[in-house]
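Chemist: I'd like to ask some things about the structure below.
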Amino acid sequence: MEDQLFIVYLEGTYLLAGQKQLFYDTQLFSLYDFFVEVWYEKNSDQMTMVRAFQELHRLDPFLVTVSLRELLPDR
């Protein structure tokens, strides 16, 4: 997993913070043709999982937290 995290750190683009749960947080990155979830466990203060995917429907939990008003320039 350390190798995977290193590749995400070097080559990935941070997109947004994801789900904030009681015991863990997730972060979303893009990396080449993939999206990558990085799971952070709060109790152990460590990254516990790296999961890559290409299926767009797996972005749904992240998109729920995005406000389009925050992304648009002020008018």
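Chemist: Given H placed 1.01 Å from N in the peptide plane, which residues other than close sequence neighbours of Y24 have an amide H under 5 Å from its amide H?
Modeler: For Y24, the qualifying residues are K42.
Chemist: Quick query: amide H of T48 versus all other amide H atoms, modeled in the peptide plane; which residues come in under 5 Å with a sequence gap of 5 or more or a different chain?
Modeler: Counting only residues 5 or more places away or on other chains, the set is W39, Y40, E41.
All of the numbers you see were taken from the coordinates with simple rules; none came from a lab. These numbers come from a predicted model, not from an experiment.
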